[in-house]
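Q: Mind having a look at this structure? Questions to follow.
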Amino acid sequence: MGKKLMVSLFTVFLFVSTIIFSSWTYASNDLEQQEVEQVVHNYFRSLIEKDGNLYLASVANSISPDKQYFAKNLTNTDSNTEYEIVKIEKINNLNFEVHVSKTLDGEEYPIIPYDVVLENGEWKVDNSRIIIYPKDVLTREFNNLGIYLEKDSPFYDNVVSENESFLIKKISKHNEIGVQDFLTYNYGTPSVPIYSPNALGVESIPGSNDQPDNELNWVIAELYVVKDNDERVFYTSKTLDAFEKEYTVFSYIYGYHAVNVYNFNYPWLTGKYNVVW
């Protein structure tokens with residue numbers, strides 16, 4: 001009888017402990033998601049209200065020169081932003097993905113999956129992996145380069161959303177190696193925003209290339225304008241050799257820009273590129 005009672009009490013203890021732990025976990029996750037949602041609201045509110053301090057409190061890597069520059073100059077912008085949080089998805093313990101529908105100056109954008117990352121114990125918005133391609137600019141620039149995009153082109157592999165006016169890409173996190181005035185990146189990873197007083201130089205250094213040496217095998221250098229909200233918008237591009245080191249310059253550009261270099265039709269091929277300013 002005593003053993004049965006002990007077993008019953010132990011079973012009850014386990015049951016109650018499971019309920020308490022599950023409730024605590026649910027409450028913890030719910031609080032975490034509320035914090036993530038709030039920082040996204042704060043980020044957009046900082047843009048709408050031109051509040052530089054709130055902007056810096058909401059974004060990752062706020063001590064970087066580009067973030068400080070944008071915060072200081074928010075009051076000089078006149079853009080009109082409307083937004084709605086569509087979905088919040090937990091990726092892991094350090095990263096949420098928050099899907100946002102937004103309209104900028106009356107123009108509707110596709111759903112944008114912003115990263116919200118844990119930085120020093122606080123959730124911060126990190127949109128450094130988002131690239132916005134205006135379709136009219138993309139068509140014009142690629143026509144100038146003689147590029148025709150097939151529907152199954154690798155260019156579309158990391159497109160996460162689109163509408164009639166824009167393509168949205170989400171690409172690998174940048175990992176730069178270098179010193180002031182000179183940064184080195186792996187192919188396919190975008191540079192940090194760089195302040196250009198006039199020109200940016202790009203040196204492409206292809207790695208091993210086992211694909212045919214023909215008109216399909218070439219490297220593209222894309223230049224993005226970094227907007228006041230720290231979003232990167234495609235601006236122009238140049239074609240480079242897929243087998244030999246080559247240097248090119250984007251001239252007559254002012255303010256913050258970012259660069260990405262990769263093999264256009266064989267994006268898995270490795271290489272490095274230097275950004276010089």
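The values are calculated or read from the model by the stated rules, or taken from the named source; none is laboratory data. Note that the coordinates shown come from a computational prediction; the quantities given were computed from them, not determined experimentally. Note that each Cβ is placed from the backbone with ideal geometry, even for glycine, and that neighbours are counted across all protein chains shown. When the accessible area is computed, the model is the full protein with side chains, heavy atoms only, and any ligands, DNA or RNA have been set aside. Shrake-Rupley method; radii C 1.70, N 1.55, O 1.52, S 1.80 Å.
Q: Phe155 is checked against (1) over 25 Å from Asn274 (Cβ atoms); (2) assigned to a helix (DSSP H, G or I) and fails just one. What number does that condition carry?
A: (1)
Q: Search segment 224-236 for residues being of a type outside the set (Ser, Thr, Tyr) and out of contact with any helix residue (DSSP H, G or I) (no Cβ under 7 Å at 6 or more places or on another chain), and hand back the single one that is most open to solvent (accessible area, probe 1.4 Å).
A: As a first pass, look at segment 224-236 and keep what is of a type outside the set (Ser, Thr, Tyr): 225-234.
Imposing the further condition that a residue be out of contact with any helix residue (DSSP H, G or I) (no Cβ under 7 Å at 6 or more places or on another chain) reduces the set to 225, 227, 231-233.
Details: Val225: 36, Lys227: 96, Glu231: 6, Arg232: 3, Val233: 23 Å².
Among them, the one singled out is Lys227.
Q: Another question, if that's okay. Inside segment 62-98, can you point out the residues that are open to solvent by 80 Å² or more (accessible area, probe 1.4 Å), in a strand (DSSP E or B) and of a type in the set (Asp, Glu)?
A: Those that are open to solvent by 80 Å² or more (accessible area, probe 1.4 Å), in a strand (DSSP E or B) and of a type in the set (Asp, Glu): Glu82, Glu84.
Q: Just to be sure I understand the filter: pairs with C-beta atoms under 7 Å, separated by 6 or more residues or on different chains, first member in segment 46-61 and closer than 19 Å to Tyr83 by Cα, second member assigned to a strand (DSSP E or B). Which pairs pass?
A: From residues that are closer than 19 Å to Tyr83 by Cα, the pairs are Leu47/Thr81; Ile48/Thr81; Ser58/Lys124; Ser58/Val125; Val59/Lys124; Val59/Val125.
Q: Find the residue count for segment 226-268, including only residues that are at positive phi and modelled with pLDDT of 95 or more.
A: Number satisfying all stated conditions: 0.
Q: Out of everything in segment 108-140 that is farther than 22 Å from Asn163 by Cβ and in a loop (DSSP other than H, G, I, E, B), what residue ends up being most open to solvent (accessible area, probe 1.4 Å)?
A: Only one residue fits best here, namely Asn120.
Q: Does Phe264 count as in contact with a helix residue (DSSP H, G or I) (Cβ under 9 Å, 6 or more places away or on another chain) and under 30 Å from Lys50 (Cα atoms)?
A: Taking the combined requirement at face value, the residue does not satisfy it.
Q: For residues in segment 255-272 being polar (S, T, N, Q) and closer than 12 Å to Tyr185 by Cα, which is most open to solvent (accessible area, probe 1.4 Å)?
A: Top of the filtered list is Thr270.
Q: Would you check if there is a residue in segment 237-254 being of a type in the set (A, V, I, L, M), open to solvent by less than 60 Å² (accessible area, probe 1.4 Å), under 30 Å from Ser62 (Cβ atoms) and free of Cβ contacts under 8 Å to residues at least 40 places away in the same chain?
A: no
Q: Looking only at segment 48-60, decide whether some residue is modelled with pLDDT of 90 or more, outside any helix (DSSP H, G or I) and within 17 Å of the chain's Cα centre (by Cα).
A: Within segment 48-60, one or more residues are modelled with pLDDT of 90 or more, outside any helix (DSSP H, G or I) and within 17 Å of the chain's Cα centre (by Cα).
Q: Let me ask you something else. Inside segment 242-268, can you point out the residues that are in contact with a Phe, Trp or Tyr (Cβ under 7 Å, 6 or more places away or on another chain) and assigned to a loop (DSSP other than H, G, I, E, B)?
A: Selection gives Ala242, Phe264.
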